[in-house]
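The values are calculated or read from the model by the stated rules, or taken from the named source; none is laboratory data. What you are looking at is a predicted structure, and each value in this text was computed from that prediction instead of being measured. FYI the Cβ positions are ideal-geometry reconstructions off the backbone, even for glycines, and counts take in every protein chain you see. Calculation scope for accessible area: heavy atoms of the full protein, side chains included, ligands and nucleic acids excluded. Shrake-Rupley method; radii C 1.70, N 1.55, O 1.52, S 1.80 Å.
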Amino acid sequence: MNLWRVRCTLPDRPGALAALARECGAAGVNILGLQIFPGVEAVTDELVLHVPEDWGLVRIAGLVESAGGTSVSGTPCTEHALVDQPVRYVLAARTVLAQPASFPEVVAGLFDAEADPVEGVLGPVQDVMEMTVGDVAVQVRRTAGFTPTEHARAAAMADLVNDVLARSRAESAPQPPPPGRRVGSSAVPTYAASVGQVAALVEGTVVGVARLAGRTIEEGVEDGVRTVTVDVDPAWRRRGIGTRLLVETARLAAGQGVDEIILSTEADNQAVLPIVLAAGLRGRIRMASDQLTVRIPVRDLKPLPA
C-alpha cells in the first residue's frame, strides 16, 4: 500500500476542500485521513493519501496544485498515520507523565518532526518549533511548516511537563541524613573545586563529585565545549547536592574559558532534568535514541574564585 502524508495550503473559501476531493477521486487517489489547521486567510490541510504504486511526491504535488493547493509537502507513511489524533495526544501525555525527560522525543514523534538536526548534511530548509520547560529550550524541526494550532498544542504539552516537574519537586521533601550522620552544621555538605572537578564533602567524606572532562575530538565534542558527569552517593541524593555540583562545575568551566557544557545520560534517568531546572541554568535539551543530552551555555556565568 503506497501511503503518503501530505500537507498543503488551501484558500479559506467554501468548496476548496471539495475541489481537492474531486481531483483525488478522478485520479484514483483515496483520502484516508484528514486534519484541518485553520488560519486567517488560508487553511492548512494534512491528508493521508492512498496513491497508485508508481506515484511519488512530484505527481502528488501536481495533483494537489491542480486543485488550487499550494506549499505542498509530503512523506511516505504507514498505517500508523491513521491512528486517531486525540488518541495520539493522550498516549503522548501518558508517556510524558511517566517520564518527563522523554519530552523532546515524544513531541518530535507527535508532530512528525526531528528532535535533532542531522549534522553535516545539507537538506531542505526546516521550520523550527521551540518550547520551554523551565529554562530549558526544546526544539523540533521538519520541512513542513508548523501551524499556529500545533504551536499551541506544543505549548500545552510543555506546560504539562512543567506541572509534572513542579509537583515532583514539591513531593520530594529533603531526605533525613544517612544513619550515623549528625544533624547540624557538620552534616551540611561543603564544596571543594580543583582543576577538573568539584567535590561535595560531609565531615571530610566525599558524597558527590562533578567532573569536567577535557575536549575529546574523537567523541565529537567541539572546541569550547566540555562534557560534565555528576555522581552523588545514593544515600545523599534528593538533598540538592547534584544541583549545587552542577552549578559550581558550570562556574568552574566558565573560569576556564569554556562556552558550553554538555550533560549526557541515559534517557530514563529521571533526575537530570529536575537538577538542571533547579540549578536555574538555561540549556537546550535533546534526546536521541536512548541518550538524553543537555547543552548549557556557561560563558556569562560568574567564575569560581581563584
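Some values worked out for this structure:
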{"quantity": "Residue in the range 193-203 that is under 21 Å from the mean Cα position of the chain (by Cα), at pLDDT 80 or above and of a type in the set (A, V, I, L, M) present", "calculated": "no"}
{"quantity": "Output for the range 25-72, where each listed residue is closer than 24 Å to T147 by Cα and assigned to a helix (DSSP H, G or I)", "calculated": "L57, V58, I60, A61, G62, L63, V64, E65, S66"}
{"quantity": "Number of positions in the range 134-150 that are within 14 Å of the chain's Cα centre (by Cα) and either within 20 Å of V90 (Cβ to Cβ) or without any contact (Cβ under 8 Å) to a residue 40 or more places away in the chain (or both)", "calculated": "3"}
{"quantity": "Qualifying residues in the range 112-165 (those that are hydrophobic (A, V, I, L, M, F, W, C) and open to solvent by 70 Å² or more (accessible area, probe 1.4 Å)) - the one modelled with the highest pLDDT", "calculated": "V125"}
{"quantity": "Residue satisfying condition, being open to solvent by 20 Å² or more (accessible area, probe 1.4 Å) and in contact with a strand residue (DSSP E or B) (Cβ under 6 Å, 6 or more places away or on another chain), within set A98, A42, A93", "calculated": "A42"}
{"quantity": "Residue tally, condition in contact with a Gly (Cβ under 9 Å, 6 or more places away or on another chain) and loosely packed, with under 12 Cβ neighbours inside 10 Å, over the range 46-75", "calculated": "1"}
{"quantity": "Meets criteria (in contact with a strand residue (DSSP E or B) (Cβ under 6 Å, 6 or more places away or on another chain), surrounded by fewer than 13 Cβ atoms within 10 Å (Cβ to Cβ) and not small (G, A, S)) for D12", "calculated": "yes"}
